[in-house]
Amino acid sequence: MRILILSDIHANLVALETVLSTAAGQYDAIWCLGDVVGYGPRPNECAQIIAEKAELCVMGNHDWAALGRPGMDVNDFNPQARQAVLWTRRELTEENRAFLDSLSDQPVQSERAPDILVTHASPREPVWEYILTPSIALENFAVFSEPICLVGHTHKPAVYRWRLHSEADEDDEELYSVATVDYLQPYVGVPVELTTSAQERLILNPGSVGQPRDNDARAAYAILDLDQHTWTYERVAYPIELTQSQMRAERLPKRLVDRLSFGW
Ligand code: ZN
């Protein structure tokens, strides 16, 4: 059983379609880590594809903002993101709004893999927190018990490995446990072995389909192989200028158009 892991599509239909056609035949199901909409020019098409094809999807902060629920303050977003949120709200059809509204804003698990927690941002703050450093990852490992957690939100592919060590106290030589977290740089096409135990757990981020922020403009995704216990992170070039011309036609902010060329 191989799962195509998509995150932070951000209404970039051209990127999404490129990923789906590139990964065709290499997966049996799709999981989506949220932010289906926001920033990009095709929120309805992306929401419809994910509603139809994804076996599991959680709510991202941009999906949440696009719903305009009471208490939602768009001033939490920077000016360009805010403009895109308000545009997305106007564009969404009732059907797609209902789909986004149905997504969980709490971590979820698939029946296929109850040992894998799935959330948009972090186990501690499922919609909002950025896991960008080993120390933030370490704090988050303390608030979930599963061997593996999948997150998106940062738009940067990453592997965080938590390990429990035994260390001797220098004075009384008594053994005590210390948890540490390492950041492992994932390499395109190189499977990461998902070895987990009571002493070793993982947080995995596939990066972003529709708006990468690691200075690589290509769409990012991952294949999670539940039988081989591997995680393979992938990148694929897509016709960025096509998304950019769609954005210009919708008068979305220039800064959001430009950043796609650079991957930030
Ligand atoms: Zn996002």
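The values are calculated or read from the model by the stated rules, or taken from the named source; none is laboratory data. Keep in mind the model is a prediction, meaning the values are calculated, not measured. Neighbour counts run over all protein chains shown; Cβ positions are idealised from the backbone, glycine included. To get the accessible areas, we keep the full protein, side chains included, count just its heavy atoms, and leave off ligands, DNA and RNA. Shrake-Rupley method; radii C 1.70, N 1.55, O 1.52, S 1.80 Å.
Brief remarks on what is shown
- Within the range 180-191, being touching a Lys or Arg at 6+ places or on another chain (Cβ under 9 Å) and over 17 Å from PHE144 (Cα atoms) holds for ASP182, TYR183, LEU184, VAL188, GLY189.
- Some residue of the range 145-157 being within 16 Å of the ligand (Cβ to nearest atom) and in a strand (DSSP E or B): yes
- Residue in the range 162-179 that is small (Gly, Ala, Ser) and within 16 Å of the ligand (Cβ to nearest atom) present: no
- Counting only helices (runs of 4 or more DSSP H) wholly contained in the range 1-73, the ones carrying 2 or more residues that are within 16 Å of the ligand (Cβ to nearest atom), without any contact (Cβ under 8 Å) to a residue 60 or more places away in the chain and under 16 Å from the mean Cα position of the chain (by Cα) occupy 43-53, 61-67.
- Residue match in the range 172-181 (condition: of a type outside the set (D, E, K, R), open to solvent by 90 Å² or more (accessible area, probe 1.4 Å), out of contact with any Pro (no Cβ under 8 Å at 6 or more places or on another chain) and at pLDDT below 95): yes
- Sole exception among (1) buried (at least 22 other Cβ atoms within 10 Å of the Cβ); (2) modelled with pLDDT of 95 or more; (3) within 19 Å of the chain's Cα centre (by Cα) for ILE136, by number: (1)
- Residue in the range 202-218 that is under 17 Å from the mean Cα position of the chain (by Cα), surrounded by 17 or more Cβ atoms within 10 Å (Cβ to Cβ) and more than 27 Å from LEU260 (Cα to Cα) present: yes
- Considering only residues in the range 227-236 that are farther than 12 Å from ILE5 by Cα and touching a residue at least 60 places away in the same chain (Cβ under 8 Å), the one that is farthest from the chain's Cα centre (by Cα) turns out to be ASP227.
- Test for LEU256: is it out of contact with any Leu (no Cβ under 7 Å at 6 or more places or on another chain) and touching a residue at least 40 places away in the same chain (Cβ under 8 Å): yes
- Single unsatisfied condition, VAL127 versus (1) modelled with pLDDT of 95 or more; (2) within 16 Å of the ligand (Cβ to nearest atom): (1)
- In the set (1) over 22 Å from ALA54 (Cα atoms); (2) without any contact (Cβ under 8 Å) to a residue 60 or more places away in the chain; (3) open to solvent by less than 50 Å² (accessible area, probe 1.4 Å); (4) outside any loop (DSSP other than H, G, I, E, B), PRO186 fails one condition alone, (4).
- Residue, surrounded by the fewest Cβ atoms within 10 Å (Cβ to Cβ), within the range 100-119, restricted to residues that are touching a helix residue (DSSP H, G or I) at 6+ places or on another chain (Cβ under 7 Å) and part of a loop (DSSP other than H, G, I, E, B): ASP105
- Per the listing ARG161, ARG124, ARG89, ARG97, the residue uniquely basic (Lys, Arg), assigned to a loop (DSSP other than H, G, I, E, B), in contact (Cβ under 8 Å) with a residue 12 or more places away in the chain and open to solvent by 40 Å² or more (accessible area, probe 1.4 Å) is ARG124.
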